[in-house]
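To start, the structure itself, in structure tokens.
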Amino acid sequence: MPRNPRYDPLFEPVRIGPKVAKNRFFQVPHASGMTNAAPHARAAFRGMKAEGGWAAVCTGICSVHPSSDDNPFPYATLWDDCDIPAHQLMTDAVHAHGALAGVELWHGGAATANRSTRWPALSPSGVPWMATHTGFMTSARPRVMDAEDIRNVIRWHADAAVRAERAGFDLLYIYAGMGYLPYQFMLADYNRRTDAYGGSVRNRVRFTEELIDAVREATGGRCAVALRMSMQELRARPSDVAESEGHEVIGYLKDAPDLFDLKMDYSPTDCAVSRYTPEGSHEPVVDFVKTITDKPVVGVGRFTSPDTMVSMIRRGVLDFIGGARPSIADPFLPNKIDEGREADIRECIGCNICISSWHDGVWVRCTQNPTAGEEWRRGWHPEVVRRDSEGQVLVVGGGPAGLEAALTLGRRGYSVALAEAERDFGGRLRFESALPGLKAWNRVTEYRLGQLRQMANVSLYPESPLSARDVLDFGASHVVIATGGRWLPALYRDSELPGDLLDAPRVYTPTDLARGAEVEGPVAVFDYDNYYMGSAVAEAMAAKGHAVTYITPAGAAAAWGIMTNEQSLVHASFLKRGIGYRTLERVTGFDGETLALAQIFTGEARQIPARSLIIVGQRIGGSDLHADLQASDLAAAGIATLHLTGDANAPGAIAHAVYQGHRTARELGVPAAEVHVGRDIPWLGSNLRAAE
Ligand code: ADP
Ligand code: SF4
């Protein structure tokens, strides 16, 4: 299909200093979890986006020196020449599709703990990041940089820039955002210096200016130099000479870089969950920059609607549509718009499972795109599957796993029947996407159903609860069971294991709520699942007008939500909705009127009144249907293979269900010897000399 002319502005080329981007789609630097120890996986992951039409594709943070070591969080390095070949793989993969390759040169300053390299962290004035999250906390405090340290950091950037050019990068970033070193110089909170690098805004900008100049000079003006800045705090601070410190900073730097890349200052606002933050949320903070500089500007905001993208360009807010999450969820987003296939875009749902991968220190995972991070290891292409299949597959269960399995099997060429007991497809998402803030999650269902409905070889059977007899009689050669998991009303023992099932009046789980249970208030929600479900159920109960108390054995509500950047927002939401919360406690009993609690460390007993208790804790898989089929004569029914997938196999986040459904479909009927799983081997090189 031809491109909708409305979207033509998105496909104009834009000059960035000495380079030209072929269109306005710009994959800004973002974490992939793939360090230099996974060079092939990283090259394939980034190269896929270039193949999908992004005009610029960048790395995540790339340390310029061992004094910037974020371990155990993943980051790339350009510490010495040994690092060059690993990056060359990526730039080759990106250039193969006509895109520009960018590297986010990075020094974390006081924000890194240098746990591996054991360098003292560097900082403008010795102000540490007093993180309260496990994983970020450290007892090491930073050193105050002297004049030589400043010269060194500038030189390290220049040296890394030379290596970056040799590795084939076109765009070289200076990273003055998210609490990292140049940002620390920029903000008075960190910068209490009295020399030429501290005091006035003019002085605080100097370090960033010198970094830009040094990188440009080191590469002779052949590479474009990009400046990535966080604007939230700077814009909020008054200035004596401009509308804000942000305006003043941009005024001083307006001609310095070839490109401005703008973002927020904190993960929960920069990469915000859709649960609490809509598309395009950065605009009010970054919209002024183009009024001051003539250089091109890129910004993000989980853009998935082409109309919103065009509006950003037309209204002069941005020159480039920056994408991190939308490019993970659909690497082919630009090409799909170019080909008039907007309906085929796999839209990001804003769940931040991708971010949690970085916090976990592993390769990127995505709810919507199960192939993310598997481009090289398993050879999965998001748009291409092996088409060598004949025969019929019956998929039972139309939740995320069943929908994904049916879609991928349909693409493989199988004749697919998808049977769902209920009238609507979507499984757990029928309930979950109706919880406060989770509407966008329904895109998981909508995208897959939209695709399935266009496929002539797929038949959809709603309102079809199947028994083992039905399945045996159906006549399919392969059967995939994706009938989901369920929550149990299990208590929580002091050994951090699920305890006995609680048999008392008005005790519910999310499974009961999904089936329509009517709950009486006041409501207690006991959450030891720790992800979104407990807090979302509490919000739903509060929205119904019930008094709600949320209880968790963890130290904060939605404790695992720190991984997805939503924990702080959950607490803000509880405050707004009047939801009380109690931490470090477990429920030990409930008689329908009074809830018995125990402090988790001391065992001290407490009581609170409640009419209903919702337990969000243990979830189990398993399928009676699958067990019945296993006990049947499958061969006699012509069934060659039987598979259990999704939450019925092993319950987890929606991302896990989609991934399992996808993998089942990719591997169904494929001989084990032909299932490829690569193991990336880092470059050995001649790294005998320490890179310091
Ligand atoms: P997953 O996350 O693994 O996809 P879900 O719980 O979201 O699991 O979805 C499972 C779906 O399977 C539900 O929509 C449920 O109605 C459906 N289902 C369960 N048992 C049967 C059955 N015997 N026949 C048809 N559909 C079923
Ligand atoms: Fe978007 Fe979620 Fe995928 Fe991240 S994991 S790209 S937020 S759909």
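Any read-out appearing in this document is the output of simple, stated calculations on the displayed coordinates, not a laboratory observation. Since this is a predicted model, take the numbers as computed values, not measurements. Don't worry about glycine lacking a Cβ; one is built from the backbone with ideal geometry, like all the others, and counts go over all protein chains shown.
Residues whose amide H lies under 5 Å from that of V416, counting only those 5 or more places away or on a different chain, are V393, V458, S459; hydrogens are built 1.01 Å from N in the peptide plane. Our estimate of slack between I681 and R453, defined as 0.36 nm per intervening residue step minus the Cα-Cα distance, is 77.9 nm. Where only DSSP H runs of four or more residues are counted, the chain gives -8500 deg cm²/dmol as its mean residue ellipticity at 222 nm, each run worth -39500 (n - 2.57).
Distances between placed amide hydrogens fall under 5 Å for S123 paired with R143, M145, all partners being 5 or more residues away or on another chain. For segment 28-33, backbone phi angles converted through the Karplus equation (6.51, -1.76, 1.60; θ = phi - 60°) give residue-by-residue couplings of 5, x, 8, 5, 10, x Hz, Gly and Pro being listed as x. Spin-label pair E283-R314: with each label point 7 Å from Cα along the Cα-Cβ axis, the two points sit 1.2 nm from one another.
What relative contact order, as a whole-number percentage, does the chain give when Cα pairs under 8 Å and 6 or more residues apart are counted?
On the way: 1606 pairs, mean separation 88.1, N = 692.
Relative contact order of the chain: 13 percent.
Rounded to the nearest 10 degrees, the inclination of helix 400-412 to the longest alpha-carbon principal axis of the chain is 80 degrees.
With each label modelled as a point 7 angstrom along the Cα→C-beta vector, the A147-H133 pair spans 3.9 nm. Judged by the ratio a/c of the largest to the smallest principal axis of the C-alpha gyration tensor, segment 487-620 counts as rounded, that ratio being less than 1.5.
Backbone geometry of segment 475-484 corresponds, through the Karplus equation with coefficients 6.51, -1.76 and 1.60 at θ = phi - 60°, to 3J(HN,Hα) couplings of x, 7, 8, 9, 10, 10, 9, 9, 8, x Hz, x marking Gly and Pro. Please label the shape of segment 33-120 as rounded, prolate or oblate, based on the square roots a ≥ b ≥ c of the eigenvalues of the alpha-carbon gyration tensor (a/c under 1.5 means rounded; beyond that, a/b larger than b/c means prolate, else oblate). Judged from the Cα gyration tensor, segment 33-120 comes out prolate (a/c at least 1.5, a/b above b/c).
Rounded, prolate or oblate: pick one for segment 286-340, where a ≥ b ≥ c are the square roots of the eigenvalues of its C-alpha gyration tensor, a/c under 1.5 means rounded, and failing that, prolate if a/b is larger than b/c, else oblate. Prolate, since a/c reaches 1.5 and a/b exceeds b/c. Take each peptide in 154-162, 498-506, 11-19, count the other Cβ atoms within 10 Å of every residue, and average; sorted highest first, the result is 154-162, 11-19, 498-506.
Relative to the dominant Cα principal axis of the chain, helix 567-577 is inclined by about 70°. Taking every alpha-carbon pair under 8 Å whose residues sit at least 6 apart, segment 487-620 reaches a relative contact order of 34 percent. Close amide-amide hydrogen proximity is noted between Y550 and V525, G580, Y581, R582, each under 5 Å apart and 5 or more residues distant or on a separate chain (H modeled in the peptide plane; Pro and chain starts excluded). Computing FRET efficiency as 1/(1 + (r/R0)^6) for R387 and D189, where r is the C-beta to C-beta distance and R0 is 56 Å, gives about 0.45. Ranked by the mean number of other Cβ atoms within 10 Å of their residues, highest first, the peptides 80-92, 582-594, 627-639, 317-329 come out as 317-329, 80-92, 582-594, 627-639. The simple spin-label model puts a point 7 Å past each Cα toward its Cβ; for S467 and T641 those points are separated by 2.9 nm. The 3J(HN,Hα) values that the Karplus relation (6.51, -1.76, 1.60; θ = phi - 60°) gives for segment 129-138 are, in residue order, 8, 8, 5, 10, 8, 4, x, 9, 5, 7 Hz. Gly and Pro appear as x. The calculated FRET efficiency for the pair D633 and L501, based on their C-beta separation and a Förster distance of 30 Å, comes to about 0.30.
Of the listed peptides 189-196, 307-314, 538-545, 351-358, what is their order by residue-averaged count of other C-beta atoms within 10 Å, with the highest listed first? Could you put the intermediate results ahead of the total?
Details: 189-196: 15.4, 307-314: 17.2, 538-545: 19.9, 351-358: 23.8.
Descending mean neighbour count gives 351-358, 538-545, 307-314, 189-196.
Provide the FRET efficiency to the nearest 0.05 for the K544-D213 pair, computing r from the beta carbons and using R0 = 56 Å. Spell out each step's value before the answer.
On the way: r = 59 Å, r/R0 = 1.06.
The calculated FRET efficiency here is 0.40.
The gain in end-to-end length when the E593 to D307 segment is fully stretched comes to 97.7 nm, 0.36 nm per residue minus the alpha carbon separation. Between the C-alpha center of segment 421-489 and that of segment 54-100 there is a gap of 40 Å. Take every pair of alpha-carbon atoms less than 8 Å apart whose residues are at least six positions apart; their mean separation over the length of segment 5-360 yields a relative contact order of 17 percent.
Given +1 at the Cβ of Lys and Arg, -1 at the Cβ of Asp and Glu and no other charges, the dipole of segment 5-360 around its Cα centre is 220 debye to the nearest 20.
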